[in-house]
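Comments concern the structure below.
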Amino acid sequence: MTAATPRTSQRTRYLRIAAEEAWAPTELLDTYRNLLDTNQGGPGFRHLMGHYMTSTAERPRFVRERLADLGEKRLADMDAAGVDHAILGLTAPGTQVLDPMTARSMATLANDKLSEACRRHPSRFSA
């Protein structure tokens with residue numbers, strides 16, 4: 001089985017689909033980091049994102065790396081977990097913590113990147 005080929009069970013013949021799979025472009029993660037560094041985004045945002053965006057520990061670094069991936073690492077993780085197809089969506093808090101101009105540009109960037117990933121791997125990703 002390759003990372004681009006869906007896995008189906010010979011016995012059950014159904015696909016395993018993971019819904020609401022979190023994703024974020026590196027540009028958005030960098031923007032989140034900037035908000036944290038400048039003490040912006042509100043207390044809920046700082047609590048939610050602070051540890052994962054600022055920690056140098058192994059697990060937060062792993063989460064950041066995997067969150068931004070739309071290629072071979074995500075596909076390999078899906079294969080290892082027995083997931084045939086993922087429905088990808090922008091992770092929380094999305095663009096809600098951003099000013100309107102930045103939010104609009106990040107939403108456009110995210111949609112463009114997700115669209116490209118779905119074109120590259122149509123049998124594996126939806127968004």
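A few points about this structure:
- Radius 15 Å from Cβ of residue 40, net charge of other residues (Lys, Arg +1; Asp, Glu -1): -1
- Neighbourhood charge, 15 Å Cβ-Cβ cut-off, centred on residue 51 and excluding it, Lys, Arg +1 and Asp, Glu -1: +3
- Amide H contacts for residue 16 (H built 1.01 Å from N in the peptide plane; partners 5 or more residues away or on another chain; cut-off under 5 Å): 84, 85.
Since every read-out is calculated from the coordinates, none of them should be taken as a lab result. Worth saying up front: this structure is predicted, and the values here are computed from it rather than measured. Positions of Cβ are generated from backbone atoms using ideal geometry, with glycine treated the same way; all protein chains shown enter the neighbour counts.
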